[in-house]
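As C-alpha cells, the structure follows; a few thoughts come after it.
All of the numbers you see were taken from the coordinates with simple rules; none came from a lab. Keep in mind it's a predicted model, so treat the numbers as computed, not measured. No Cβ is skipped: glycine too gets one built from the backbone with ideal geometry, and neighbour counts run over all protein chains shown.
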Amino acid sequence: MRRLFLLLFLSVSSTARADGIAFIVNSRGPSISVIDMATHKEVSRIPTLREPHHLMLTPDGRSLMVGDTAGNQMMYLNPNTGEVQKRMPVADPYQFQFSPDGKLLTVNGLLRNQVDVYDAASMKLLKRFPVVATPSHLAYSPDSVTVFVSLQDSDKLAAFDLRTMTEKWTMPVGKTPAGVLWLNGKVLVADMGTDFIAVVDPATGKVLERVVTGQGAHNMFLSPDRKILWVNNRVGGTTVSMDAATLKPIRTYAIPGGPDDIEFAPGGKIWITRRFAEKVAILDPVTGSFETINVGRSPHGLFLNPGAPSPTAVSSR
Amino acid sequence: MGDPFDLTAGWLVEHLLIPMLYQFGLMNWEDVSYNWVLFALYGAAQVAVTFGVCLPLEHWRPVERWPDNKAVWVDVAYTVLSRVGVLPLFTYVLFYRAQVFVSGWMTDQGWVPPTLEGLFPALLGQQVLTFVLYAIILDFADYWRHWLAHQFRWWWALHSLHHAQRQMTFWSDDRNHLLDDVIAFVWFGVIALLIGVPPLQFPLLVLTLRFLESLSHANVRLSFGWLGDRLLISPRFHRAHHGIKAAGDRSCNYGAVLPWWDMLFGTADFARDYVHTGDPSGEEALATGSYWQQQWAGLRRFARTFSRRTA
C-alpha cells in the first residue's frame with residue numbers, strides 16, 4: 001500500500017509528459033539502464049562502480065537506492081530523472097529493504113556473511129548479525145518486528161527480532177534458498193536448488209508445506225492487487241502465476257534466459273529481468289507473449305516509475 | 001545486440017552448467033559459474049588469437065629451427081591449463097570473494113577502498129581509459145615481481161622452470177612452476193586489491209596483457225623498430241631476457257608488456273640480438289621433462305636452496 005502511495009506521489013509531483021521511466025540494474029555492466037517506458041528504448045546508461053544488484057525507493061520517495069556489492073557503495077538516484085544524488089560507503093549491500101514502518105533498513109552482505117540493520121533516517125548501523133552463510137534475500141513481518149533472511153549456502157532461513165536485536169531461530173528450509181516473501185501470515189521461501197517454494201511458520205521456522213513451481217525456484221513477487229503470486233524459476237526458465245490465497249498454480253510462462261526480478265507496469269504488463277540473455281522481458285499475461293528490451297550485462301533488479309516524465313536526457317554522473 | 005562472449009557464456013550457463021549444478025545440488029555456485037564460463041571463453045579465444053597470430057609469424061621468420069618440437073607440446077599444455085582452466089577459476093573463486101571481503105572490511109573501518117575512479121571521478125563510465133591506466137599500473141607491479149624472482153635464490157629456483165626452455169615459442173609464456181604461478185597471482189591479486197581493479201576487469205586485463213606476453217616469447221625474428229621497441233616489448237627485446245647468458249640475476253629486460261620500466265631503472269638492453277635461450281644451470285628435466293617431471297624438478301631445486309642455507 002505504501003508503495004502504491006509513493007508511486008501516486010511520484011505521479012502527481014511530475015508536471016511533464018508522464019510516460020514513465022524504468023531503471024534496470026546491469027550487475028556486470030556495471031551500470032543502470034534507463035528505459036523510456038513509452039517507447040521501450042534505452043535512453044541512457046548510468047555507470048556504477050563495480051557490481052550493483054538490487055534497488056529500492058526510500059520511504060519518502062525522494063531517492064532510489066542502488067546497492068553496489070563489490071563497490072561497497074550505496075548510490076542514490078533521483079527516481080524521476082536518474083540523476084545521481086549521492087554515493088555512500090556501505091559494506092557489501094546485496095539485497096536490502098526498508099521495514100514496513102519505514103524506520104529500519106536491513107542490508108544483506110551476501111559475500112561478507114553479515115546482516116546489517118540500519119536506522120533508516122540516519123543510516124547509523126544499529127546491529128550486525130554475523131551469519132552462516134551467504135545471506136541472500138529478505139522479508140519483514142508486517143509489524144516490522146521480525147526480518148527473515150535466506151542463507152543460501154547453508155540451506156536455512158534465519159529470523160531476527162528487531163526490537164531486541166537478537167536471533168529468534170535459524171531453520172532448514174530446503175536447498176539453496178533465495179527469494180523470501182511474507183504472505184497471508186506465513187513466510188514463503190523460494191528454494192533455488194529444488195523445484196518448490198517452502199511455506200514456513202514464522203513463529204517456529206518449521207516448513208509447513210512445499211509447493212512445486214518449477215526447477216530452480218528463485219524469487220517471488222505479489223501483484224499490486226495482492227491476488228496473484230508470481231514465481232520465477234531460474235533453471236526451468238519459467239515464470240509461474242499462482243493464486244495468492246491458495247497457492248494453486250494458474251499458468252506457466254516460458255521466459256528463457258534466467259528470469260530473476262519482476263516489476264508490475266500499469267495496464268497489467270509484467271517486466272522481468274533475464275540475467276543470461278542481457279534482456280528485459282515485458283510479458284503480457286493474457287496472451288503469454290513477451291517483447292524484449294536489450295539492456296546491459298546480467299540485468300538483475302528493476303524499478304518502474306510510471307509517473308515520471310519521459311527520460312530524454314539523463315545525467316550519467 | 002549484446003557482447004557475443006557474454007551471450008555465449010549465458011547460453012552455456014543456461015543450457016549446460018546450471019542444469020548440471022542443479023542435478024548435483026550445487027546451485028550455490030550458480031552466480032560464480034557465469035563468470036567462470038565467461039572468462040574461460042575469453043581464455044579460449046585468446047589462445048586461438050595467439051595461435052592465429054604467432055604461428056604464421058614463427059613459420060615466416062623463425063629464429064631457430066629444431067629437428068622435433070616435442071618440448072614445445074608441454075608448453076601447449078601449460079597454456080591451456082593456465083588460460084582456460086586455472087586462471088578463471090582462481091579469479092572467480094578466490095580473487096573475487098577476497099576482494100569483496102577485504103574491501104568490505106575496509107569500508108567497515110571507515111576507510112573507503114581506493115579505486116582509480118574514486119580518485120578521479122571523471123573516469124567513471126570511461127571503461128577503456130580506466131582499463132589502460134590499470135594495465136599500466138599492473139605492468140609496473142609485474143616488472144618488480146619479475147625482477148625479484150631473479151634476485152632471490154629460492155624464487156629463481158621456481159622461476160628457472162620458465163627459463164629452462166631451449167625451444168622457446170609463443171606457447172612458452174605460461175610454462176611456470178605452480179608455486180611461481182601462485183606467487184604471481186597473489187602478487188597481482190594484492191596489487192589489484194590495493195588499487196581497486198574491478199573483478200570483471202581483472203581477468204580481461206590479464207588476458208590482454210598475456211597475449212602481448214605470448215607474442216614476446218615467439219620464435220620469430222621480429223623487432224618493432226627503434227621507437228617501437230621502446231614503446232612495447234617485442235620478441236627481440238624479450239628474447240634477450242631468456243638468453244643462456246642472462247639466466248638468474250645476470251638477466252636484463254624484465255618487463256612484460258612495456259619496456260619503460262627497464263629503461264627507467266637501468267635494466268634495459270636493446271643491444272643483444274637473437275640469442276639462444278635456456279638455463280644451463282638447471283637439470284635437464286626442467287627443459288625436456290613431462291609436465292609433472294618439470295614441476296617435481298622445480299620443487300627439488302626450490303628445496304635445495306633451503307637445505308644449502310641451513311647446511
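Here are the numbers:
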read-out	value
Gaussian network model of chain B, Cα within-10 Å springs - most flexible of B:Asn28, B:Asn176, B:Asn219	B:Asn28
Inter-site label distance for A:Asp225 and B:Gln293 at 7 Å from Cα along Cβ, in nm	7.7 nm
Net dipole in debye of the protein assembly as shown [+1 Lys, Arg Cβ; -1 Asp, Glu Cβ; about Cα centre; nearest 20]	620 debye
Compactness relative to 2.2 N^0.38 Å, alpha carbon Rg of the protein assembly as shown	1.08
Label-zone membership for the stretch A:23-67, site A:Asp101, 7 angstrom Cα→C-beta point, backbone N under 15 Å	none
R0 of 30 Å, Cβ-Cβ distance A:Lys248-A:Asn294: FRET efficiency to nearest 0.05	0.25
Length added when fully stretched, B:Thr208-B:Asp249, from 0.36 nm per residue minus Cα-Cα	12.0 nm
Which of B:Thr115, A:Thr239 has the fewest Cβ neighbours within 10 Å, and the rest in rising order	B:Thr115, A:Thr239
Average Cα contact separation per residue, the stretch A:2-305, under 8 Å, 6 or more apart, as relative contact order %	12 percent
³J(HN,Hα) computed for each position of the stretch B:270-282 - Karplus, 6.51 cos²θ - 1.76 cosθ + 1.60, integer Hz, glycine/proline x	8, 7, 5, 8, 6, 8, 6, 9, x, 10, x, 7, x
Estimated FRET transfer efficiency (A:Val286, B:Asp3; beta-carbon r; R0 25 Å; 0.05)	0.15
GNM result for chain A, Cα springs below 10 Å: residue of A:His218, A:His40, A:His137 fluctuating most strongly	A:His40
Distance between modelled label sites at B:Thr305 and B:Ile137, nm, 7 Å Cα→Cβ extension	2.9 nm
Whichever aspartates and glutamates have a C-alpha closer than 16 Å to that of A:Lys168, once near sequence neighbours (fewer than 8 apart) are set aside	A:Asp116, A:Asp143, A:Asp201
Simple spin-label estimate for B:Leu232 and A:Leu208 in nanometres, 7 Å along Cα-Cβ	6.6 nm
Packing-based order for B:143-156, A:269-282, B:29-42, using average beta carbon neighbours within 10 Å, highest first	A:269-282, B:29-42, B:143-156
Karplus-derived 3J(HN,Hα), 6.51/-1.76/1.60, for each residue of the stretch A:81-87, Hz, glycine and proline x	10, x, 5, 6, 8, 6, 10
Length-normalised contact order of chain B in % [C-alpha pairs under 8 Å, at least 6 apart]	21 percent
Zone of B:Phe120's modelled label, taken as backbone nitrogen in the stretch B:131-173 under 14 Å from a point 7 Å along Cα→Cβ	B:131-138
Magnitude of the charge dipole, the stretch B:4-310, Cβ model with Lys/Arg +1 and Asp/Glu -1, debye to 20	1020 debye
Computed lengthening from A:Asp60 to A:Asp19, 0.36 nm per intervening residue step minus Cα-Cα distance	12.6 nm
Karplus-derived 3J(HN,Hα), 6.51/-1.76/1.60, for each residue of the stretch B:134-144, Hz, glycine and proline x	4, 4, 5, 5, 5, 5, 4, 5, 6, 4, 5
Above-threshold pairs, the threshold being 27 Å between Cα atoms, out of A:Lys124/A:Lys175; A:Lys186/A:Lys248; A:Lys127/A:Lys156; A:Lys156/A:Lys269	A:Lys124/A:Lys175; A:Lys156/A:Lys269
R0 of 51 Å, Cβ-Cβ distance B:Ala48-A:Ala38: FRET efficiency to nearest 0.05	0.70
